[in-house]
Amino acid sequence: MTIQQTPLDRRTVLGSILVGITTGLAGCSALSDSDDAPSTDSGGEIIQSVAVEGVELVVELERDAVDQLNLIDPSGELFAHQMIESGVSRTMLEIGTDYPVGEYELIGLADEETVETTSVTLEPDLELTELRLARDYPEEMYEGARDSSTEAEAILTVTNRGTGPTAATALRFEGDVPFPSHESYDEAGESGIHDPESDFGADAESIALPAGETVLIYSNTLPFSPASTRSKCDSIGRDGQFTVRLSTSHATDHSLDYVIHYLGTGPDDCEIEIEGPL
């Protein structure tokens, strides 16, 4: 399943560390029965199944067997809890995208007594699968993209094969691209990622990368600017190399290396092709 990039609401992140978790999110109250949701536990008699959908932990329960769920993080601290009303057999706990990675304990209680416990492993596993020049795939660009953006930006395909969500927080281009990422982007805390919800071409604060899903991330720093391409033809020569680097909310960097070919007879006649990943 491929989804377009989705900006992570700041309130969603903050909500993931609150003790009180509601049974639904504004605008997202319906729970999906997607077969693509990563299953983290086969379940028992009372906690029958546990799966990650988006940035929530979805739990199937024996009806009226428990009145509360506690989610304990790898350090033994209470991460979230959920009150279970009478008649409920399916609920969710929000985990967000900035949580401690590792094994959690999900505890079902009735009248403050533990009736069943199961373990849940939450850990993202990202793969940067492909980088494409937007100019070569204009149909893949986000809705409303300007021609100047399509000519200069890149599309990165990212797959989360893990059991927990995370978020992309920074996209950088290093090396022999026409317009490498400036150190000032890091100093200013700019992500370099296009925000699909901005009408002014702003950077996204972060982009959610749900478990079991593939997301398209769009650069927002003009790394393949035609103007910069022309100036690179003489200075780089025919071949160069560059790195695309993605940072996440779990303080992890992922990267791909590519060869870039500058093709042309002079600064006024220069085209580029990329080859890789290496």
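The values are calculated or read from the model by the stated rules, or taken from the named source; none is laboratory data. Keep in mind that this is a model prediction, so the values were computed, not measured. So basically every Cβ, Gly included, is an ideal-geometry build from the backbone, and we count neighbours across all protein chains shown. Heavy atoms of the whole protein, side chains included, go into the accessibility calculation; ligands, DNA and RNA do not. Shrake-Rupley method; radii C 1.70, N 1.55, O 1.52, S 1.80 Å.
Return P(r) of region 128-278 (all Cα-Cα pairs; 5 Å bins starting at 0; whole %; ordered from short to long distances).
Bin by bin from 0 Å, the calculated values are 2, 9, 19, 22, 21, 15, 8, 3, 1, 0, 0.
Could you go through region 252-261 in sequence order and give the Karplus-derived ³J(HN,Hα) for each residue, using 6.51 cos²θ - 1.76 cosθ + 1.60 with θ = phi - 60°, rounded to whole Hz, and x for Gly and Pro?
10, 9, 10, 9, 10, 10, 9, 8, 10, 9
Ignoring ligands, DNA and RNA, what percent of the accessible area of region 158-278 is carbon or sulfur (1.4 Å)?
Details: 2330 of 5350 Å².
The value for region 158-278 is 44 percent carbon and sulfur by accessible area.
Remind me, relative contact order of region 123-278 in percent, using alpha carbon pairs under 8 angstrom and six or more residues apart?
Details: 361 pairs, mean separation 38.8, N = 156.
After rounding, I find 25 percent.
Any chance you could run the full-extension gain for Gln68 through Glu271? It's 0.36 nm times the residue separation minus the Cα-Cα distance, nm to one decimal.
Length gained, Gln68 through Glu271: 66.9 nm.
Around His182, under 15 Å between beta carbons, what's the net of Lys plus Arg minus Asp minus Glu among the other residues?
With Lys, Arg at +1 and Asp, Glu at -1, the net is -4.
Using DSSP to define loop residues, name the GluC sites (Glu not before Pro) in region 87-186 whose beta-carbon has at most 12 other beta-carbon atoms within 10 Å. Kindly include the intermediate steps, with their values, before the conclusion.
Numbers: sites: Glu94, Glu103, Glu105, Glu112, Glu113, Glu116, Glu127, Glu130, Glu139, Glu140, Glu143, Glu151, Glu153, Glu174, Glu183; in loops: Glu112, Glu143, Glu153.
Listed in order of number, the matching sites are Glu112, Glu143.
At 1.4 Å probe size, with the rest of the protein present, what percent of the exposed accessible area of region 93-135 is carbon and sulfur atoms? Mind showing how you got there, number by number?
On the way: 650 of 1850 Å².
Summing carbon and sulfur atoms, their accessible area is 35 percent of the total for region 93-135.
Whole number in Å², please: accessible area per residue of region 206-267, 1.4 Å probe, ligands, DNA and RNA not counted.
On the way: 2290 Å² over 62 residues.
For region 206-267, the solvent-accessible area averages 37 Å² per residue.
Considering every Cα-Cα pair within region 139-194, what fraction, in whole percent, is farther apart than 16 Å? Spell out each step's value before the answer.
Details: 881 of 1540 pairs.
Of all Cα-Cα pairs in region 139-194, 57 percent lie more than 16 Å apart.
Which FRET efficiency, nearest 0.05, do Ser228 and Glu123 yield, Cβ-Cβ r, R0 35 Å? Don't skip to the answer; put the middle values down first.
Working: r = 39 Å, r/R0 = 1.10.
It comes out at approximately 0.35.
Full-extension gain between His182 and Ala251, please, as 0.36 nm times their residue separation minus the C-alpha to C-alpha distance. Each step should come with its number before you reach the end.
On the way: separation 69, 0.36 × 69 = 24.84 nm, distance 1.99 nm.
Length gained, His182 through Ala251: 22.8 nm.
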